[in-house]
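Asks: Let me begin by handing over the structure; questions about it come next.
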Amino acid sequence: MSDAMLYEHITALPENLKAEVADFVAFLEQKHQPKKKIKERQLGGLKGAFEMSPDFDEPLEEFKDYM
């Protein structure tokens, strides 16, 4: 189907169907956009972002009855 024929068919549609065609065209454009390259992760990117307390591995007071 040529562009001119497609244009004629679309212009003959009621307004509510033209809106659906516009939504579908936007969907197709989005679907066929080139994929973005995912940035490769860098080791140690969060180094120094947080600190753990020295007693992190110590048992909690609440659980001493169960040990």
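Asks: For the stretch 1-52, count the residues as N, evaluate 2.2 N^0.38 Å, and divide the Cα radius of gyration by that value, please.
Replies: This ratio for the stretch 1-52 stands at 2.32.
Asks: Counting each DSSP H run of 4 or more residues in the chain as -39500 (n - 2.57), what helix-only mean residue ellipticity at 222 nm follows after dividing by all residues, to the nearest 500 deg cm²/dmol?
Replies: Per the formula, -12500 deg cm²/dmol.
Asks: To continue, here is another question. Which order do H9, H32 fall in if you start with the one that has the fewest other Cβ atoms within 10 Å?
Replies: H32, H9
Asks: Please report I10, I38 as a ranked list, fewest other C-beta atoms within 10 angstrom at the top and most at the bottom. Intermediate values should be presented prior to the final figure.
Replies: Working: I10 13, I38 6.
Going from least to most buried by this count: I38, I10.
Asks: Using the Karplus curve 6.51 cos²θ - 1.76 cosθ + 1.60 with θ = phi - 60°, work out ³J(HN,Hα) for each residue of the stretch 8-22 in order, rounded to whole Hz, and write x for Gly and Pro.
Replies: 4, 5, 5, 5, 7, 6, x, 4, 5, 6, 4, 5, 5, 5, 4
Asks: Using the count of nearby Cβ atoms within 10 Å as a rough guide to exposure, how do Y7, Y66 rank from fewest to most?
Replies: In order of increasing Cβ crowding within 10 Å: Y66, Y7.
Bear in mind these aren't lab numbers, they're just calculated from the coordinates by the rules spelled out. Treat the numbers as computed from the prediction; the structure is a model and nothing was measured. Ideal geometry is used to build each Cβ from the backbone, glycine not excepted, and the neighbour counts take in all protein chains shown.
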